[in-house]
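Each remark here refers to the structure printed beneath this line.
The values are calculated or read from the model by the stated rules, or taken from the named source; none is laboratory data. Remember, predicted model here, so these are calculated numbers, not experimental data. Counting neighbours? That spans all protein chains shown, and the Cβs are built from the backbone with ideal geometry, glycine included.
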Amino acid sequence: MINKKKFFFILFFFLSQSYSQKNELGIFIGGSNYVGDVGPTTFINPNDIIGGLIYKRNLNNRIGLRGSVSYGNLYSSDRLPGSSNDRRIRGYNFINKFHKNNLQPPPAAGTNPNPLKNVNDFSLPISLGLKFKPLEKKITYGIEISANYSFTDDLDGSTTPPPIGLGPFGGSLSNDWYFFSVFKITYIFGKHKCYCP
């Protein structure tokens, strides 16, 4: 789920052969996409912009704590490439922006988005990335893909009943997922040096 301000606090286990720096502060920018009951189900398929700030404190060379604040939207449409034929015929789309979720029925059913209830919940991020430091300075660069498992099935409004929503649709076997694919730059400060590949 995308919020105006959103905090992730997770433990990272690094399997690389590197010594950790004490602290890192930086920014990231990239794309976001959603996987659920509306639109394509391709895991890494950015269709909207995401950005934010990141802070990481490394406890040792393999374990660190990270917090981030992100800002962006989640969007999907049954008409996007990669959607199944059934979804293309159905024609739903939605945007989840600043806690506000709008579900748009197909044109034949109306043209005004239906404002849905605010969706606030936690998610479990699972990230994979590569970080490197090309120069002997305190700047690192990295790329990262983050799969976020939400603890709700309503990021797309699929369980919101009428008259606000369109009624339950889609499957109920899995909660919604969203993905971030980002490029990040961080500044190193603290006692330990970073020896990144």
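The table below lists the values:
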quantity	calculated
Residue, surrounded by the most Cβ atoms within 10 Å (Cβ to Cβ), within the stretch 18-46, restricted to residues that are touching a Lys or Arg at 6+ places or on another chain (Cβ under 6 Å) and modelled with pLDDT under 95	Glu24
Among (1) at pLDDT 80 or above; (2) more than 17 Å from the chain's Cα centre (by Cα); (3) not in a loop (DSSP other than H, G, I, E, B) - the single one Asn102 does not satisfy	(1)
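The rows are residues; the columns are (1) modelled with pLDDT of 80 or more; (2) closer than 22 Å to Lys22 by Cα.
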| position | (1), (2) |
| --- | --- |
| Val119 | no, no |
| Lys133 | yes, yes |
| Lys138 | yes, yes |
| Gly170 | yes, no |
| His192 | no, yes |
